[in-house]
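To start, the structure under review is shown below, and the notes come after it.
Here, each number is a calculation from the coordinates, and none is a lab measurement. The model shown is predicted, which means the values in this text are computed figures rather than measured ones. Positions of Cβ are backbone-derived with ideal geometry, glycine not excepted, and every protein chain shown enters the neighbour counts.
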Amino acid sequence: MGGAGVWEEFHATLEQAGWLPRRARLVAGVSGGSDSMALLGLLARSAPLFDWDVAVVHVHHGHRGAEADADARLVQEWSAALGLPCAVRRVAVASGGGRSWEMAARDERRAALRQAAGPDGWVVLAHHRDDQAETVLYRILRGTGVDGAAGMRPVAGRVVRPLLDFSRGALAAWREEQAIPAREDTTNQRRDAVRNRIRLDLLPQLADEYNPRVAEALVRLAQSAGDLSAWASQQAARWLATHADPGPGPDRQRLRDFGSLDPALMDRVLRQVAASLGFGLTEEQVRATRRGAAGWPRRYQAAWDGSDLWIAAPTAGAGHFEETPIDGPGATPLPDGWLWVGDASQDPPPCRHHGVTRVRAAGGWSVRGWQPGDRIQLAAGTKKLQDLFQDLGVPRPLRGWWPVVVDGDGVAAVPGLAAAARCQAEPAEAAWAMAWVRDAAWPGTCQDA
């Protein structure tokens, strides 16, 4: 395969796609191998046309001894010949903790390149079409969803891979035509690494015995999955913008109407929320959350009540929202919904609520959030509200939102759960019914329960 048209296509792609802005500072990760040396040549030729400030970084892993030292020298010498600055970054690679040496080296390499680029620079990598096919096949073999099948994206944050449309052969042919030297990493031929076996054995076998264009098929799968993944991410972000409510404290949030989401978007929403909190979710954590409740990383708790999803941080204790007087039957606004109070013969409005608690009609009551040490006097004795929540199966993320009705003697009722013994109405007494109505729009309108 010849390299004719490689530079022209490279230039046109960057011109049309706009992945790398003009006058940008670029950090090219160059190993000295054929692919990255081709990238170096393409960037050097394109830099004046886009007014780029290109710097070269070679990451030395302290592995392969004299062979690796020779790689670093080649990158330095050729960068100097092109008039580009070059830095050699030495990193210490420690495998373990579920990571192979190759995975650890990749992570250290990426960290070194991001550090070199700083907050305003762009990291440019030489991954190409054959790398994409290997990546997708590797993920399929391990088990993956749509995101994994999307493989590597051309732009991920401030990391750009402008060669994903080019084959390894075309890049090598262009590099040779331009008399750009390169070195071969001999470890790429070792079959103890899974990725090497996929490249050296599995893909050639699939091409010989099943589909001679299997690499192209895998790349098309990645493109389709990437488009679908991007669309789903946009839909999830749009949904979150209108359905995510802050809690009564800074460590809580609620996703209204989570149960109305399409199952495919449920997963995407959960992952976006987790990413906003600084971590990812495993497939099991996603499934457990959709089933009802799950522990998330960093001791976060999530619970789905069939309609809304509630999330609480490990530091989230009691709910702290301002105490509000209850003047009698009517609606009192809460951080999430309303406290409904009506005549005991009435039913609450046809909105989502957590059940009705009936108490004697009285004055001097108010509603607030649960506080540490709150206790309620039941017929069988006093009980901490924390224990009441636990006994009645209230998910931990939901407890801080729950309204507590109090009077001068302490907790009078927890609407939907319990009333203090002293507040229970005798048959001849006037009585109220209380419910925590969770529709934010009520009392104007609300959805049917």
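Just a few scattered comments:
- Estimated dipole of the stretch 224-364 in Debye, rounded to 20 [Cβ of Lys and Arg +1, of Asp and Glu -1, Cα centre]: 360 debye
- For the stretch 6-222, relative contact order (Cα pairs under 8 Å, six or more residues apart, normalised by length) works out to 25 percent.
- Kirkwood Rh, angstrom, the stretch 43-133 [1 / mean 1/r, Cα pairs]: 14.8 Å
- Around the Cα centre of the stretch 324-437, unit charges on the Cβ atoms of Lys, Arg, Asp and Glu (plus for the first two, minus for the last two) sum to a dipole of about 360 debye.
- Axis angle, to the nearest 10 degrees, between helix 168-177 and the longest C-alpha principal axis of the chain: 40 degrees.
- Comparing GLN205, GLN115, GLN16 in a Gaussian network model of the chain where C-alpha atoms under 10 Å apart are linked, the largest mean-square fluctuation is found at GLN16.
- Helix 65-81 vs. the chain, principal-axis angle (Cα, 0 to 90°, nearest 10): 80 degrees
- A run of the chain free of exposed loop cleavage sites, with chymotrypsin sites (Phe, Trp or Tyr not before Pro) counted only in DSSP states other than H, G, I, E and B and at most 12 other beta carbons within 10 Å, reaches its longest extent at 1-209.
- Highest-fluctuation residue, LEU113, LEU171, LEU392 considered, GNM on the chain with Cα pairs under 10 Å: LEU392
- Comparing GLY169, LEU218, GLY292 along the charge dipole axis of the chain, the residue lying farthest to the positive side is GLY169, per the Cβ-charge model.
- Taking θ as phi - 60° and the Karplus parameters 6.51, -1.76 and 1.60, the scalar couplings of the stretch 5-19 work out to x, 5, 5, 4, 5, 4, 5, 5, 4, 5, 5, 7, 6, x, 5 Hz in sequence order, x denoting glycine and proline.
- Three semi-axes of the equivalent ellipsoid, the stretch 6-222, Cα gyration tensor, whole Å, largest first: 26, 22, 18
- Computed over Cα pairs, the Kirkwood radius of the stretch 324-437 leads via Stokes-Einstein (0.890 mPa s, 25 °C) to a diffusion coefficient of 175 µm² per second.
- About its Cα centre, the dipole of the chain is roughly 860 debye, where the only charges are +1 on Lys and Arg Cβ and -1 on Asp and Glu Cβ.
- MRE, 222 nm, helices only [DSSP H, n ≥ 4, -39500 (n - 2.57), over the chain, to nearest 500]: -11500 deg cm²/dmol
- Computed over the stretch 108-256, the quotient of the alpha carbon radius of gyration and 2.2 N^0.38 Å is 1.34.
- Degrees separating the helix 34-50 axis from the principal Cα axis of the chain, which is the longest one: 80 degrees
- Whole-Hz couplings from phi, Karplus 6.51/-1.76/1.60, listed for the stretch 327-335; x for Gly and Pro: 8, x, x, x, 10, 10, x, 10, x
- The stretch 247-312 - convex hull of alpha carbons, volume per residue in Å³: 74 Å³
- Look at the alpha carbon pairs under 8 Å that are at least 6 residues apart: their mean separation over the length of the stretch 247-312 gives a relative contact order of 40 percent.
- For the stretch 262-374, the equivalent ellipsoid derived from the Cα gyration tensor has semi-axes of 34, 18, 11 Å, listed largest first.
- Selected from GLY247, GLY373, PRO314, residue furthest toward positive end of dipole (the stretch 237-377; charges at beta carbon): PRO314
- The phi-based Karplus calculation (6.51 cos²θ - 1.76 cosθ + 1.60; θ = phi - 60°) puts the 3J(HN,Hα) values of the stretch 374-383 at 4, 10, 10, 8, 9, 4, 8, x, 7, 9 Hz, whole numbers, x for Gly and Pro.
- Length-normalised contact order of the chain in % [C-alpha pairs under 8 Å, at least 6 apart]: 12 percent
- Sorted from greatest to least, the principal axis extents spanned by the alpha carbons of the chain come out as 100, 43, 41 Å.
- The chain: most fluctuating residue of ASP305, ASP336, ASP327 per GNM, C-alpha cutoff 10 Å: ASP327
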